[in-house]
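Shown next, in structure tokens, is the structure this report addresses.
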Amino acid sequence: MPHGGAQAPFGPAEGPTLRALQEALLAWYEKAKRPLPWRGEKDPYRILLSEVLLQQTRVEQAIPYYHRFLGRFPTLEALREAPLEEVLKVWAGAGYYRRAEHLHRLAQRVEALPPSYEALKELPGLGPYTAAAVASMAFGERVAAVDGNVRRVLARLFALESPTPKALQGLAQALLSQGADPGVWNQALMELGATLCRPRKPHCLACPLRSFCSGQGAPERYPRPKARAKREEHLAALVLWGRKGVYLEPQKGRFQGLYGVPTFPEAELEVRAKAFGVEPKLVGSVRHELTHRRLLLTVYAALWPGEGVDPKAKPLPKFTEKVLRQAEALLAHAGVVPIQDA
């Protein structure tokens, strides 16, 4: 039984077996697919938005942001005409803000999404998977879309412990049903991975591909998990409440384009407080999980003689919202109206 990426238990050239597999999956999908708001969509912009949102975001979290974003930017043209800061504010809470920045850059570059996989790959933020998803679902191009769910399905189906991206793309392309809509086929594989062929405790007994699967005896073995240690970062966060709101400054790195309160190593607190002319008080702590990093923030707050801005008027990272909520008790004690809906 293969454990790499060179050979598969049965090849796509075996016509009857392949056709039976395809028919089983498509029949299951027709009955079991979830009623998602972008399901069956043919508008390339809406498909692109859904796929970008679903990168690193669970479906149930993505749905409200999908409706919210389309409510403000219903077309690529509307997105093109909006300032980036407004786009980021509407995106606020969805996380991974670089995705929204790439969407905005894309809207500046093209008037309409190009109808081919190769052209889509050249656009900002569109990797092979997203380009294939849009090309197949919106334009009917016969190209396989391999996301994390599809990778897991194929690895188990063919009992591959460490398949390479190239090997998986080749398998996925060979499995594409000739008679079915390629977008529907891609969604069927994704749906199988999202609902039955899950990373932990997969529902093998309910799987429509059970009789074809070489990895069902030990599904959690395929593909081999990638061990990733999460780094912890300890910082101080300083909330400065001025006459008109909170002191906010532009963020850098992964949060570029957003605004936040000053964060820095806790050893710098005294120097930072002196620079602002305040005597901050400890008000609590915040823990925030990022993909490969865990933020542990000690929150300090102080009344500040400057102006400040209404935090609801600026796009904020999620951890900044948590920090602001920690400061509310101090503000209320000082007779300042707490920040609402921060």
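Which loop GluC sites (Glu not before Pro) in the stretch 103-154, with loop taken from DSSP, have no more than 13 other Cβ atoms within 10 angstrom of their Cβ?
Glu111, Glu122
Using R₀ = 25 Å, calculate the FRET efficiency as 1/(1 + (r/R₀)^6) where r is the Cβ-Cβ separation of Ser211 and Arg68; round to 0.05.
0.05
Once the Cβ-Cβ distance between Lys281 and Arg34 is put in as r, and R0 is 51 Å, what FRET efficiency do you end up with, to the nearest 0.05?
Here the calculated transfer efficiency is 0.60.
Can you run phi through the Karplus equation (6.51, -1.76, 1.60; θ = phi - 60°) for the stretch 283-298 and list ³J(HN,Hα) in whole Hz, with x for Gly and Pro?
10, x, 9, 9, 10, 9, 8, 10, 4, 10, 8, 10, 8, 10, 10, 8
Can you give the accessible area of Ser162 in Å² (nearest 10), computed on protein heavy atoms with a 1.4 Å probe?
Ser162 exposes around 60 Å² with every protein chain in place.
What is the distance, in nm, between label points placed 7 Å from the Cα along the Cα-to-Cβ direction at Glu268 and at Leu290?
1.4 nm
Would any residue of the stretch 51-73 have its amide N under 19 Å from a label point 7 Å out along Cα→Cβ of Asp181? List them or say none.
51-52
What number, in percent, do you get for the relative contact order of the chain if the mean sequence gap of Cα pairs under 8 Å and at least 6 apart is divided by its residue count?
Worked out over the chain, it gives 17 percent.
Give me a comma-separated list of calculated 3J(HN,Hα) values for the stretch 154-165, in order, Karplus coefficients 6.51, -1.76, 1.60 applied at θ = phi - 60°, integers in Hz, x for any Gly or Pro.
Here the 3J(HN,Hα) series is 5, 4, 6, 4, 9, 6, 10, 6, 9, x, 7, x Hz.
Over the chain, what portion of Cα pair distances is larger than 25 Å, expressed as a whole percent?
Counting every Cα pair in the chain, those more than 25 Å apart make up 60 percent.
What whole-number volume per residue, in cubic angstrom, does the convex hull of the C-alpha atoms of the stretch 214-274 give?
With only Cα atoms used, the stretch 214-274 gives 156 Å³ per residue.
Working out 0.36 nm times the residue gap between Lys226 and Thr17, then minus their Cα-Cα distance, what length gain in nm do you get to one decimal?
72.1 nm
Give the percent of DSSP beta bridges with both residues in the chain that are antiparallel, rounded to the nearest 5.
Close to 55 percent.
List, in the order given, every pair from Lys89/Lys121; Lys274/Lys314; Lys89/Lys318 whose Cα-Cα distance in the structure shown is over 23 Å.
Distance filter (> 23 Å) returns Lys89/Lys121; Lys274/Lys314.
Tabulate in residue order the Karplus-calculated ³J(HN,Hα) for the stretch 256-272, using 6.51 cos²θ - 1.76 cosθ + 1.60 with θ = phi - 60°, rounded to whole Hz; enter x for Gly and Pro.
4, x, 9, 10, x, 6, x, 10, 6, x, 4, 4, 8, 4, 4, 5, 5
Would you work out which of Leu168, Trp91, Ala188 lies farthest towards the positive end of the dipole of the stretch 71-192? Charges go on Cβ: Lys and Arg +1, Asp and Glu -1.
Toward the positive end, the furthest listed residue is Leu168.
Decide, for the stretch 51-146, between rounded, prolate and oblate: order the square roots of the alpha carbon gyration tensor eigenvalues as a ≥ b ≥ c, take rounded if a/c falls under 1.5, and otherwise choose prolate if a/b is larger than b/c, else oblate.
The shape class here is oblate.
Compute the distance in nm between two label points, each set 7 Å from the Cα along the Cα-to-Cβ direction, one at Arg325 and one at Gln108.
3.4 nm
Using helices alone, I'd like the mean residue ellipticity at 222 nm for the chain: each DSSP H run of four-plus residues gives -39500 (n - 2.57), total over residue count, nearest 500.
-13000 deg cm²/dmol
Loop only by DSSP, 15 or fewer other Cβ within 10 Å of the Cβ. Give me the trypsin sites (Lys or Arg not before Pro) in the stretch 209-287 that pass, ordered by residue number.
Of the trypsin sites (Lys or Arg not before Pro), the ones in loops of the stretch 209-287 whose Cβ has at most 15 other Cβ atoms within 10 Å are Lys226, Arg228, Lys230, Arg243, Lys244, Lys252.
With the cut-off at 1.5 for a/c, could you classify the stretch 126-209 from its C-alpha gyration tensor as rounded, prolate or oblate?
prolate
What are the semi-axes of the equivalent ellipsoid for the stretch 163-237, taken as the square roots of 5 times the Cα gyration tensor eigenvalues, largest first, in whole Å?
The three semi-axes for the stretch 163-237 are 30, 18, 14 Å.
The values are calculated or read from the model by the stated rules, or taken from the named source; none is laboratory data. From a predicted model like this one, the values you see are computed outputs, not experimental measurements. Using ideal geometry, Cβ is built from the backbone for each residue, glycine included, and neighbour counts are taken over all protein chains shown. Heavy atoms of the whole protein, side chains included, go into the accessibility calculation; ligands, DNA and RNA do not. Shrake-Rupley method; radii C 1.70, N 1.55, O 1.52, S 1.80 Å.
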